[in-house]
Amino acid sequence: MDSQRAGSYFPLTKRTKQGELYVRRDDAQMQIEAVAEREIAEIRPRLYVTDRADELYLLDETLVFLYRRALFERDDSLAEAIFIAMDVRIVKLLLKHKNSGFIHGCEFDDFLQDVRISVLRKIGDLASDIGDFAQVQFGSFVSSEAKCVGKKNFGLKERERIDDHSGRDDDNDSDLLENAVSPDPGPEFKAMLRQGWSQFSDEQRTIVCMLLDGFQSESKDPNETTISSYLNVTSRTIRNKIGEIRRIAAEAVER
Amino acid sequence: MDNNQLAEVLEEYALASPDEFDQSVLRRFKDKYPQFSGELEDFAVAQTIAKCSPEVELSAQQEAHYRTSALEALRSVRGEMQTVLHSLIETAKVKGLNRKELAEKLGLSVSLVQYLEKRRLEFSSIPKKLIEKIASVLEQSEASVVEFLNLPSAGTANANFKTATRPEALKPKKFEEAVREDQSLSHEEKQKLLEI
């Protein structure tokens, strides 16, 4: 890249609170360095590659870099094409949360539009380091923007959780917790969970994801984030829910 | 609660989190930012859902629908960007001018350009002719230059500090004062600027 092209859109300049410079993942950095030398005509077809396993697939962080470079070079047509490719990924990510707390209480399309605008403002800001996070962890960046956009709705969700809590069925929970164990689901159960995915309700899917990612179902420590504390249900209830998930998954495997 | 602060906390948490959920990291952040405890939990679970859910497939009809609204969002933000000037120096860069060249074109010193960039000059003291010149050199409307120069001072907005508290914002100077104090300008250059 010549000196002009290596402007503020190229190197990351933001630092963590510990003073460390933000760093892209190795794969993203390597891909960016490779595409930075390519002609636009070579890059455009790659925007339509959606198979992650394809060697021409452009990583999310690379798309952010290319978008910023297109803005810097005032290439509106390319910036538009890049954003459309990026937007499909944003939509798919947010659709995963469609029926979860992230979007609770508002129309998905309205929420999506607000998130898009927030994302565009940050990744399009070439004068500051505010877009650097998007070039380091794009998925987390979008989720963070979504969280901020939907804060009012989350507040609503929090209140509902408190309301639910007032009527919880926590008889003898302390006895249950005496022997509380949250074993790792194990590879067999994990495989079952994946097979039963289409049969699960939204809440069951949240529980399944949390189990797969290593959250404990319950804990004696009230400060620990567990599946039961997150859903604000009792140990008894979460055990029943996991039992139901296990039953549905087993049925799906048998079919 | 401030949304910008929340975004910063979530960003810090995401950067500190390993690929797999780590209870100890979440706990550390909940202890550090108790005011965002609920948001951090929601965010951690959202990351888990994003990671562990199967890929969502879109129909051709859905893709067309989302594409239309994506373009609307893009045009809306592009409209904002075009009418609002975000930086004199960055805008000059797009025109192929570095700081020094911009200063020369405007008949200013680099430090005076920096004063303008950081909005550390009292707007009312900036000569109208200088505003016209900035608009002309940067090929922007005078209105957008005026709007930019009226933005709050950018002195401490994105800076990192070694102390726990931010330093107090510097009081904007009058244009004449900044010119007189500028040691890189000759006496003649100062006179010329003061006569604008």
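Only the coordinates and a few stated rules stand behind these numbers; no lab work does. This one's a predicted model, so the numbers in the text were calculated from it and none came from an experiment. Every residue, glycine as well, gets a Cβ built from its backbone with ideal geometry; the counts of neighbours run over all protein chains shown.
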Exercise for the section: Please give the per residue volume of the convex hull enclosing the alpha carbon atoms of chain B, rounded to a whole number of Å³. Expected result: 189
Fill in the blank from the handout: Taking Cα pairs closer than 8 Å and at least 6 residues apart, the relative contact order of chain B in percent is 17
Completion exercise
Among B:P34, B:P152, B:N4, the residue whose Cα sits farthest towards the positive end of the charge dipole of chain B (+1 at Cβ of Lys and Arg, -1 at Cβ of Asp and Glu, taken about the Cα centre) is B:P152
Exercise for the section: Could you please rank A:M210, A:M192, A:M30, placing first whichever residue has the fewest other Cβ atoms within 10 Å of its Cβ? Expected result: A:M30, A:M192, A:M210
Exercise for the section: Mind ranking B:51-60, A:233-242 by how tightly packed they are, going by the mean number of other C-beta atoms within 10 angstrom, highest first? Expected result: A:233-242, B:51-60
Problem - Percent RCO, i.e. relative contact order, over the stretch B:1-96, from Cα pairs under 8 Å lying at least 6 residues apart - result: 17
Fill in the blank from the handout: Across A:70-82, the residue-averaged tally of Cβ atoms belonging to other chains within 10 Å stands at 1
Practice task
Just flag the trypsin sites (Lys or Arg not before Pro) in the stretch A:20-100 sitting in loop per DSSP whose Cβ has no more than 12 other Cβ atoms within 10 Å.
Solution key: A:R38, A:R52, A:R74
Exercise for the section: Shielding by partners for B:26-34, please: the mean number of other protein chain Cβ atoms within 10 Å of each residue's Cβ. Expected result: 1
Problem - Average beta carbon contacts from partner chains per residue of A:88-98, 10 Å cutoff - result: 5
Problem - Neighbour cut-off at most 11 other Cβ (10 Å), DSSP loop, GluC sites (Glu not before Pro), the stretch B:77-142 - result: B:E139
Exercise for the section: Compute the Cα gyration tensor for the stretch A:26-153, then decide on rounded, prolate or oblate, letting a ≥ b ≥ c be the square roots of its eigenvalues: rounded whenever a/c is under 1.5, prolate when a/b is larger than b/c in the other cases, and oblate in all that remain. Expected result: prolate
Handout entry: Neighbour-limited loop hits for GluC sites (Glu not before Pro), the stretch A:37-82 (at most 10 other Cβ within 10 Å; DSSP other than H, G, I, E, B)
Key = A:E37, A:E39, A:E55
Exercise for the section: Would you mind ranking A:D76, B:D182 by Cβ crowding within 10 Å, fewest neighbours first? Expected result: A:D76, B:D182
